[in-house]
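All remarks here apply to the structure that follows.
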Amino acid sequence: MSAILSGPDSGAPDFVFRYTLLDIRDLDGALLLASTRVEDNLLAILTRLQDQAGTVRQILGRIASLEEPARRAAFAQFLVISGLRRLAQTIKEEAQKMPILNDIIEHEVIGPAILQGRQEILRRQLEKRFGRIPDWVEARLVNLSASELDELAVRVLDAPNLTDIFPDKQ
């Protein structure tokens, strides 16, 4: 295709642009699937596919290897893109077989162990910084979520005292 751009009576030279339009459905998705970039893998779902279900599983496997929150973002993008090929339901069904969105902290055995480890690290940080920790701090530690413990582990680095780390002391 070509296009000529010029303004009427502008005295400006004409510009000629040439381009070729491609339909992504005519492209082989193998190169996109072989890429190390998940973004490329996601686009492969729009190309000509030999094995649609296999491609979906392969892309979901790549998404599953990402860290949070990139995993959730990539999965959401995959759902949107796959909707262009009316594959969103297939993606959801395959994702349930391969629980890529499960957070390990929610695992009934591993989750509590991870939470306990985070509590212990924060406890040790507090003791190193402020000495023996009072009972009210200990009571607070056991009731905090993983994200709250992570937040406090950073806050302890700059806080001048315990009440700055736990401002709503009870």
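Values quoted throughout were computed directly from the atomic coordinates according to the rules given, and no laboratory measurement underlies them. Since we're looking at a predicted model, the values are computed, not measured.
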Problem - Sequence-distant residues sharing a close amide H with residue 29 (under 5 Å, placed H) - result: 48
Problem - Long-range Cα-Cα pairs in the range 12-82 (distance over 21 Å), rounded percent - result: 33
Completion exercise
HN-Hα couplings for the range 124-133 via Karplus (6.51, -1.76, 1.60; θ = phi - 60°), in whole Hz with x for Gly/Pro, come out as 5, 4, 4, 5, 5, 7, 10, x, 4, 8
